[in-house]
Structures are given as structure tokens and as C-alpha cells.
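K.L.:
Provided herewith is a single structure, encoded as C-alpha cells, for subsequent inquiry.
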Amino acid sequence: MTTAEMLELDRLREEVAQWRARFDAATKRNALFANSGHVVEPLYTALDIAGDAAAAEVPGEFPFTRGIHPTGYRGKLWTMRQFAGFGTAPETNARYKYLLSQGQTGLSVAFDFPTLMGYDSDHPRSEGEVGKCGVAISSLADMETLFEGIPLDKVSVSMTINGPAVILFAFYVAAAEKQGAVAAELRGTIQNDILKEYMAQHAWVYPIEPALRLIVDNFAWSAEHVPLWNTISISGYHIREAGATAAQELAFTLADGFTYVERGIARGLDVDDFAPRLSFFWDIHNDFFEEIAKLRAARRIWARHMRERFGAKDTRSLIMRFHSQTAGVTLTAQQPMNNIVRVAYQAMAAVLGGTQSLHTNSMDETLALPTEQAVEVALRTQQVLAYETGVPNVADPLGGSYYVEALTDKLESEAEALFTKIEEVGGVVRGLETGWLQRQISESSSRQQWEVEQRRRTIVGVNDFVTDEGELTIPLLKVGAEAEREQRSRMAAMRASRDDALVKLRLAALRDAAKTDANLMPLILDCARAYCTLYEIRAAMEEVFGAYREPVFF
Amino acid sequence: MRPIRVLVAKPGLDGHDRGAKVVAAALRDAGMEVIYTGLHQTPEMIATAAIQEDVDVVGLSILSGAHMTLIPRVLDLLRDDGREDILVTGGGIIPREDMDALEARGTGRLFGPGTPTSELVEYIHNWFEAREAQTA
Amino acid sequence: MPQSFDALIADFEAGKTAALARAISIVENHRTGYDELMTRLHPRIGRAQRLGMTGPPGAGKSTITNLIVQSLRRDNLRVGVVAVDPSSPFTGGALLGDRVRMEAVALDRGVYIRSMATRGSLGGLSARTAEVADVLDAFGFDRIIIETVGVGQTELDIARTADTTVVVLVPESGDSIQTLKAGVMEIADIFVVNKGDRPGADRLRNDIELMLGLRRGATSANIPAHHGIPLKTFNPIRIARDAARSENPEEWLPAVLGTIASKGEGIDLLLAAVDRHFRYLQTSGGLKGRRRNRLKNQVTEVVAERLRARLWEDPDTITWLDTQLDLMEAGTATPFSVADELLSRSGPLLTGVKP
């Protein structure tokens, strides 16, 4: 810093002190807090970012605080990817075709709860849940129907599936084969992030270690066979939805990411062989600037750790690509139309934070699956943002903002402090076993609930600006019991037509291989091709791996 | 007076236990004995636990959309064992018309998203006092 | 619930779980009819083997209990489990989560699980837990497992209401050492070092054996002077253990076992040790002694409770006591003289016979 610059800072320091005195005299308001709990100052100045290197950064350069592309959104807009799925495969197939016809540029599959847990639609535990919160996919046959008439070598598809992720992925690869698509051209993502399931979302199947083995199996297999496929979407979304703060979401998600990288390296994989296919998924909450800063900090932390800690050399290993979704937890059942506004602000934060793809929630999602009209408004929200507001015209337009840069640094240092704590409790896996991580989230969740109930945090239409009119004034989508009946008869037909001897053979081969160190991906794929069902494949491995049992932490 | 005993359970396959845990903690803080059964419970597991634990109240948290299948089954199973006196309440993502149908079917009040926990605490307290007054 | 007492007993005798659950509530709350209920059940008590499980939080008690129950069920034994957890001293509320780890047996008709909160009762709690165990015994369970968090004397007392007490500890846990210090050496019939695959497990087992031996009189006097004795064969633990063994072969020497509950390892050995201890109790007369002791304790508790109720719910007694306050204040009477006088003037009240 030159003498002139230092003198300039001294002058500024003096002016800020005077301003502070005037401010304190004029206001009696208590301190304001960001969602993460830190104090938000009433003003940020050059003093807050003095000596900050980020101000001198450009987009597309290490450590990528300002974005991963030198061209910002001018080269390529974000992918508008609405998460959708309900009822049976034919119904969802029709919805996908509609969404593609409306200008959506990628598909995102929402599975129903039985599928997420690895149960077939005709399993007793699935009763009442088939097709309710997503589409039911129990075998390759359902997957073929889901994408009938949609060329899988042309459309990128994201699948939110974790516990049984490799099984659904095998259905997908087998369905693409049947379409005649070349595996090397498949583009898309499976979420496959099991650590956050134990931490927050709870759609698990196997205990931690075998689950991690399956993930690394898939890293290795995919690097060779489907090089464009994102093998994991390391997700903060569910951690945040379960009650974490922005800083916790940032730190715990990145720590999960580092754990996967460590496991891949421990398997003997070259970090640059699998790291380029790791992607992320963030929740975009209400605190506008904090969310933008979180995304900027996330990119910077990932790049630094990948280079410095894991020795990654390929730029694609250093850049964090991510999907974002507006925060479901911020939607309110009261005055549901207000949700459109919340979603619009959140979507803008995601774009200002440089997201690669975005799902905007529909206004009615706290009440039911979205109606077609609600989905359309949500998609239009993105289109207005992309084509009318001018927001995407400039890369990282908030870069250099005193507040946003200071907040980015703040979140980075909070995350680093949490990494240290995670190390102290023995790492992510140990932290899950002892419940330390779950307890951190649970405590934040309780505190936020308390703040809302004490009206220390305002939720419009819920604890302030409440109206007396009926709680619900929008039409809702209802998924009836027909989907379940239809799905059961589809399953029965499939079971009747397949080669039972082959099914038994393939399942036995998988079970035997699970007892060894073999990569299970090819065997699971063989099961899928033979029309073994989701639950059959799950159960074959469960015989060897056992099932995960929930520890209880409040 | 003895503490009110409440079973807090999550029927169905969804893993969203934030609401159930917040409610469980709030009921405990209101002086109740809360038995927590964990995630992914079948109606059979819930009814068995409610009967074994001789609870006064069963609180169900359900967000998976399967409420019209799972909640009536809990009611039926309790009735089969002669325990229709147990209050079945709860909440989650349940459309108003379904809530009405379930209440008509024999549940207590059901609460939508965003309900303050204090409202549930008060409801259970009032129900319990009314019942004690009746049986005394 | 509007159900008559006789109907409840009939349902209980017919083996209906709902009736058992109601009966336990009546006992737990000492509600009206509690003494009559216990009286009716008394002839049916005394068949079940009672196992107490205690240890610090997170030691894996529930997981081990779950495995024990599954193993007992394979032998077709019916099992009742009482899981006791502390109530909040501030609100009186409690969060009871032990059922979660017992999900594998949740729907087994031969298993009954009951969660109990300590309700902050000073004393009396262990007696009440013992009574709940009596109800389970009368219902016909073959085994009763009483599980408590071993953090305080009360919890240890609860565990001691069992025939066999198992203390579960884990390596690398300061809580385990605290638990050892808190007096479990005296109550444990079997020690389990769970998470036996963790570092420090062997060391903890050695420490326990050393403490057991030392308690039984092994001192440095038992250790030969080390002239000519190679130091590597010098093993104070073995010496302590041998000292303990040789002293009185009739006396039960607590077994120290290792388990890895997460993998289901060591449970068979634990159950074998439990059986061995029970046989020891049968042959040594210890079982008879423990059961007689429980009866004695129960009488003590009932007497204390009845005295409390009869005296302090009697308006005349309270009025009389109020009249004594002036005298005590003036110094012409003392709390002790008043207490003596109160007891002697309350004869008929205490015996329950109105004059």
C-alpha cells in the first residue's frame, strides 16, 4: 500500500467515525443480524475490504470468486431446470414434454418417496405414497417410459436420488442404451450425495461406509464410461432446509465435498480424473446479500482447497459448478401468492451469485405438488430475470461492493472455522456417527423457530401483516390413488414378462460381488438390463451391507 | 398432576423430521413426556408404540402426501385395541379439505405449516384438562 | 379411559397389551387402585429374570439391549423392556428416544417396550421402577430389561433393582471413568466395554480388572520383590486378578467383556455371562436374598408413602402443626419435640384406623 493510499484510508477512518457518531445519535434500533447470526453493520466502506485481493480478481480466473466463466452469462445463460415429477412414468413424461415445449432447457426428475428409499411401488411400505411427491420408478421399464420420445443424448437430465442413486443411474444408462444413445454423450447429474442424507435429508439405505464405497465405485466407473456425467451433486440445499445457517450450509457441504475427494484419492483415483465431475447444489434463502456472498465464497474455498490441499491441477477440478434452488422452507402456506415475490428475489440472488442452473419454486409447494399454472409462473420468473431485467448482462456485477466483498470474506472465515471444528470432532463421518453435525443443525433450527415465534424475525403473512381471510386461496394439484393402482398393474405386467432365471442369476452375482472389493457398478447395470427391480437390487446389497439405523439427536 | 404423555411419530417414507423434532422439543419444554419414535414409521409401529407407552396423545408429522392412507390406519389400529380415547393430532403438508376429512374421521385438530408450536401446546393442554375434568 | 378395574384385570390376565400398559401407568403414577392392583398381581410375581443395563450416555446401551432382545427372541423368550431417562429438572418434561434403536423388535408381539421419565422424584424412583418390573413379571415376561443412563446415584439404584446388573462403558470417554468412580464397581455384576474396536478398549478392560482386583485386596504385598524377576513378566493386573480369585471362590467375580454392538459382536458372550451370573445367584442363595431385599424395600417405600399421605393430607394435623409454630418461634418447643408429639398424637391416623 502506498503512503497516499494509507493517508486516504486514515481520512476515511475519521469520516466513518464521525458518520458513526451521527448514526448512533439518530437511531435507537438494536443491532441487526444476518441469517447466520453475525451482526450486519449499517454501512460498509473501503475500510472493510482494505487489502482484499478479490477486488483485483476477474471472472474465470483462480480462485473464481467472481465466477467460473470469463464471459459471465454472456457466453451461456444459466440452465432453467424445473424439478418435476408426479404420479406414473407416462404422466411425468407428458409433463416433461410440456416443459421442454415451454422453453425449459433441462430436465430434473423428482422421484416419489418409495423410489427415494429404494422400495418398489408394489412393496407394502410404499402404500399410500406411490407417485405422491414425485414419479414412481421401480425398474428399467419405468425409466424407458419416463423418457419415451425424449432423446437422452440431446437433453441433460438431473436426478434427485441418493440412497439408491447407483441403481436409478443404472436404469437411466440402460434406458439410454435402449434408445441407442452413446454413453459417452450422456449429460446430466445424479445427486448421489449420501453424507447430507445422514446429516439432514434422511433418505438413506445402507450404513455410511458401504454407501461411500458405492459412490466411489460410481466415480471410477463414470470417469471411464460417461465422462460428461456429473457423478454427484454435493448438496447444501437439504442441510439448509433442515435448519442450518448460511455459514453452516457452506461449511458442512464443502466438508462433505472434501470427504468425497479424500475417499476417491484413497481408492487410488487421480484427483483430476474424477474431481471435474463433482458438482454442487445450493439453497437460496431470503437474506439477499448473504446468499450471494455464500455462493462467491463457496467457489473461492473450493478452488483453494482443491489446489492446495488435494493437489488438483486441471482447472475443471478447481471450478465449482452448481445448481441452485430457491428455498422451499421460506414458502408460506399463509398468503401463498407472496411466495412468487420471495422466489423472484431468491432467483435474483442465485443469478447474481453466478449459478449454472436454477430451479424456482412454485408458490403452492408448501401445500402440495405444484399445479401447471404455478410451475409456469415460476419458470416465467426466471425468464423475466434472464431477458428483461438486464441482471445477467455483466459478470459478477456486485464484485467490488464493500458489503458483498466483506460478507464474502466473512462467510469464508466462518466456514474455515467450522472446518477446524469438524476436524476436531474427527471429520465428517465421525461427526455424523457421534451426531455432532446433526446437533449443530438442530440447534440452529430451534433458534430460528424461536426467533419467528418470538417475532424477532418477521415472516410476512405469518407473524406480521396477517390477514383474516381463509388460509388458502389457490387451486391445488391432487395426486389420487389411481397412480398407485396403475403403477401396481404396470409392475405386475413387467414381472410377468421378464426372464426370472436371469433375474435370479444377476442378483446373485451382485450379492457375491458385494462381499468383495469389486466395482459394483457393472453388476448393478447388468441387473438393471435384466429388469431386476429397484427393491430387488437394493435388497441384494442390503444382505451384505446391512441397513442404516437412525441415531436420535435433538 | 402427572405429566401428559405424547408420542411424536413420523409416518411414511419422507425424512423431513425438522417439524417433528421442533414439536417434540416444544412439548418437552411445556412439561410433557415425549416419546419419539424416529423416522419412517408404519401405522402398525405407531399404534403399537402408542399402546405400549399408554400415551394420552399421538402427534403425527407427515409431509409425504400419504396422510389419507396412513392417518386413518393409525386411527383404526388404535380403535382395534380399544384405545380410541387417545387423541391423534399433528400436522404437515395437508390440504384443508383433507384435514376436514380426517377430522371428521376422528382425529383431533390438524395443524398446517407455519403454526407456532405454542398453539399446539395450548391445544393439547386444553384437551387434556377437559378430558381429566370429564373422567374425574 | 372408562374401563372398570375388574375389566382391566381381566384384560391383563388375558394377556392384552393395552391392559398391561394401563396397569403400568396406574403403578407409575400411584393412581387410585394402585395398591389393589399390586395386591392382585402379587402371587404372579417372581418368575422373570431381571437384567439392569446402565452406563454413560452414548455407550451403546440401547443398541446392546436391542441385540439382547433379538437374541432372547430367537430362544422364544418373551421380553419386557423399561427404558428410564431423566426428566428436565426445570420443566418436568422429558424426551424419551430409546425406542428408535429398538425398531427391529418394535412389532414383535413377544416384546414390550416402555419408556419412563425419572420425574425428578427423590428416592422412591427405583422402588417405582421395581414395581413396574413386577407388573411386567406378573404379565408373564421371561426376561425384563431395565435400562437407565448411569449418571447419578438414583440411576444406579434403578439398575440395582435387577437380578443382574450390566454396566456398559466405552473407551476414549471421560464419562466412562467418571462412571467407574461414581460407584458402579459396587453394583456391576458384568462389565461390558463396548466399541471394543476403538483405541483404548484393551486399556479400559485392564483398568477395570485392576480396580476389581485392588478392591479385593491385591496390593503390592502380593507382588514378589523383583530380585531376579524379569520385569516384562511383571503384570500387576494378572496378580490383582489372581488375588481376587483365590480369596473366595464362592464369590462372584464380575466378568469384564468386550462388544462391538454396531457389528453385533460379543452379544452371545454377554448373554452367556448373564446366564452364568443368574445360575450363580440361584445356587449361592443370592437370588433369594435380592428378591427378599426388594420386598423389604417395597414395604419401606409403601410405609413412607402412606405415612406421608395420611399425615399431610389430614387437615387436623396441619391445623395442629400451625398452632405449634408460635411455640417453636418462642423457643418453648423445638422441631424435634413437635415431631415426637405429632407422631404420638397421630396413632390412629398412622394405623389407618379412625378413632
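K.L.:
Within segment A:375-410, which residues are crowded, with 21+ Cβ neighbours inside 10 Å, of a type in the set (A, V, I, L, M) and within 25 Å of A:Gly188 (Cα to Cα)?
P.N.:
A:Val375, A:Ala378, A:Leu385 - these are the residues of segment A:375-410 that are crowded, with 21+ Cβ neighbours inside 10 Å, of a type in the set (A, V, I, L, M) and within 25 Å of A:Gly188 (Cα to Cα).
K.L.:
Note down all Cβ pairs under 7 Å where the first residue falls in segment B:28-53 and is more than 7 Å from chain C (Cβ to nearest Cβ) and buried (at least 24 other Cβ atoms within 10 Å of the Cβ), the second is modelled with pLDDT of 95 or more and part of a helix (DSSP H, G or I), and they're at least six residues apart or on different chains.
P.N.:
Taking only residues 6 or more apart or on different chains, the pairs are B:Ile46/B:Val74; B:Ala47/B:Val74; B:Ala47/B:Leu77; B:Ala47/B:Leu78; B:Ala50/B:Leu78.
K.L.:
Could you look through segment B:91-120, keep only residues that are closer than 20 Å to A:Lys132 by Cβ and at the interface with another protein chain (Cβ under 7 Å from one of its Cβ atoms), and pick out the one that is surrounded by the most Cβ atoms within 10 Å (Cβ to Cβ)?
P.N.:
Per the criteria, the residue is B:Ile93.
K.L.:
Can you tell me which residues in segment C:1-46 are of a type in the set (D, E, K, R), more than 12 Å from chain B (Cβ to nearest Cβ) and under 19 Å from C:Arg109 (Cβ atoms)?
P.N.:
Answer for segment C:1-46, where residues must be of a type in the set (D, E, K, R), more than 12 Å from chain B (Cβ to nearest Cβ) and under 19 Å from C:Arg109 (Cβ atoms): just C:Glu13.
K.L.:
How many residues does segment C:54-113 hold that are closer than 15 Å to C:Val149 by Cβ and more than 13 Å from chain B (Cβ to nearest Cβ)?
P.N.:
Number of matching residues: 11.
K.L.:
I'd like the full set of residues that are more than 22 Å from B:Ala20 (Cβ to Cβ) and of a type in the set (Ser, Thr, Tyr), limited to segment A:409-459.
P.N.:
Of everything in segment A:409-459, those that are more than 22 Å from B:Ala20 (Cβ to Cβ) and of a type in the set (Ser, Thr, Tyr) turn out to be A:Ser413, A:Thr420, A:Thr458.
K.L.:
In segment A:221-247, which residue that is within 14 Å of chain B (Cβ to nearest Cβ) and either assigned to a helix (DSSP H, G or I) or of a type in the set (A, V, I, L, M) (or both) is nearest to the chain's Cα centre (by Cα)?
P.N.:
Of everything passing the filter in segment A:221-247, A:Tyr237 is nearest to the chain's Cα centre (by Cα).
K.L.:
Right, something else. Could you tell me which numbered condition C:Val69 fails, if it satisfies all but one of (1) surrounded by fewer than 21 Cβ atoms within 10 Å (Cβ to Cβ); (2) in a helix (DSSP H, G or I); (3) touching a strand residue (DSSP E or B) at 6+ places or on another chain (Cβ under 6 Å)?
P.N.:
Failing condition for C:Val69: (1).
Residue-by-condition table, conditions (1) crowded, with 16+ Cβ neighbours inside 10 Å; (2) under 18 Å from the mean Cα position of the chain (by Cα); (3) in contact (Cβ under 8 Å) with a residue 24 or more places away in the chain:
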| site | (1), (2), (3) |
| --- | --- |
| C:Leu41 | yes, no, yes |
| C:Arg47 | no, yes, yes |
| C:Gly60 | yes, yes, yes |
| C:Arg74 | no, no, no |
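K.L.:
I'm checking my understanding of the structure. Among residues of segment A:367-380 that are over 20 Å from the mean Cα position of the chain (by Cα) and part of a helix (DSSP H, G or I), which one is farthest from the other protein chains (Cβ to nearest Cβ)?
P.N.:
A:Arg380
Conditions tested, residue by residue: (1) closer than 20 Å to A:Gln102 by Cβ; (2) small (Gly, Ala, Ser).
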{"residue": "A:Ala333", "(1), (2)": "no, yes"}
{"residue": "A:Val343", "(1), (2)": "yes, no"}
{"residue": "A:Met348", "(1), (2)": "no, no"}
{"residue": "A:Thr360", "(1), (2)": "yes, no"}
{"residue": "A:Ala368", "(1), (2)": "no, yes"}
{"residue": "A:Glu372", "(1), (2)": "yes, no"}
{"residue": "A:Glu376", "(1), (2)": "yes, no"}
{"residue": "A:Val391", "(1), (2)": "no, no"}
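K.L.:
Taking interchain pairs and intrachain pairs at least six residues apart, which have beta carbon atoms under 9 angstrom, with the first residue in segment A:392-411 and in contact (Cβ under 8 Å) with a residue 40 or more places away in the chain and among the basic types (Lys, Arg) and the second outside any helix (DSSP H, G or I) and buried (at least 20 other Cβ atoms within 10 Å of the Cβ)?
P.N.:
Once the first residue is in contact (Cβ under 8 Å) with a residue 40 or more places away in the chain and among the basic types (Lys, Arg) and sits in segment A:392-411, its partners that are outside any helix (DSSP H, G or I) and buried (at least 20 other Cβ atoms within 10 Å of the Cβ) give A:Lys410/A:Ser36.
K.L.:
Here's another thing I want to ask about it. When you scan segment A:78-113, how many residues do you find that are outside any strand (DSSP E or B), of a type in the set (Val, Ile, Thr) and buried (at least 18 other Cβ atoms within 10 Å of the Cβ)?
P.N.:
2
K.L.:
Here's something else I'd like to know. Tell me the helices (runs of 4 or more DSSP H) entirely within segment A:258-340 that contain at least 3 residues that are buried (at least 21 other Cβ atoms within 10 Å of the Cβ).
P.N.:
A:288-308
K.L.:
Related question: Just name the residue that is nearest to A:Leu477 (Cα to Cα) out of those in segment B:65-90 that are surrounded by fewer than 24 Cβ atoms within 10 Å (Cβ to Cβ) and within 12 Å of chain A (Cβ to nearest Cβ).
P.N.:
B:Met68
K.L.:
So, one more: Mind listing whichever residues of segment A:12-44 are polar (S, T, N, Q) and over 23 Å from A:Ala298 (Cα atoms)?
P.N.:
Residues satisfying the conditions are A:Gln18, A:Thr27, A:Asn30.
K.L.:
Sticking with this one: When only residues in segment A:185-204 that are assigned to a helix (DSSP H, G or I) and either within 8 Å of chain B (Cβ to nearest Cβ) or charged (D, E, K, R) (or both) count, which is nearest to A:Thr259 (Cα to Cα)?
P.N.:
A:Lys196
K.L.:
How many residues are among the basic types (Lys, Arg) and under 25 Å from A:Ala244 (Cβ atoms) when one looks only at segment A:266-314?
P.N.:
6
K.L.:
Still on this structure, I have one more. For segment B:54-67, enumerate the residues that are assigned to a strand (DSSP E or B) and without any contact (Cβ under 8 Å) to a residue 60 or more places away in the chain.
P.N.:
Across segment B:54-67, the qualifying residues are B:Val58, B:Leu60, B:Ser61, B:Ile62.
Every residue, every condition in (1) among the basic types (Lys, Arg); (2) within 19 Å of A:Tyr119 (Cβ to Cβ); (3) part of a loop (DSSP other than H, G, I, E, B), yes or no:
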{"residue": "A:Ile137", "(1), (2), (3)": "no, yes, yes"}
{"residue": "A:Asp142", "(1), (2), (3)": "no, yes, no"}
{"residue": "A:Asp153", "(1), (2), (3)": "no, no, yes"}
{"residue": "A:Ser158", "(1), (2), (3)": "no, no, no"}
{"residue": "A:Asn162", "(1), (2), (3)": "no, yes, yes"}
{"residue": "A:Val166", "(1), (2), (3)": "no, yes, no"}
{"residue": "A:Ala170", "(1), (2), (3)": "no, yes, no"}
{"residue": "A:Val173", "(1), (2), (3)": "no, no, no"}
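The values are calculated or read from the model by the stated rules, or taken from the named source; none is laboratory data. What you see is a predicted model, and the numbers here were worked out from it, not measured in a lab. Quick reminder, even Gly has a Cβ in these numbers, built from the backbone with ideal geometry, and neighbours come from all protein chains shown.
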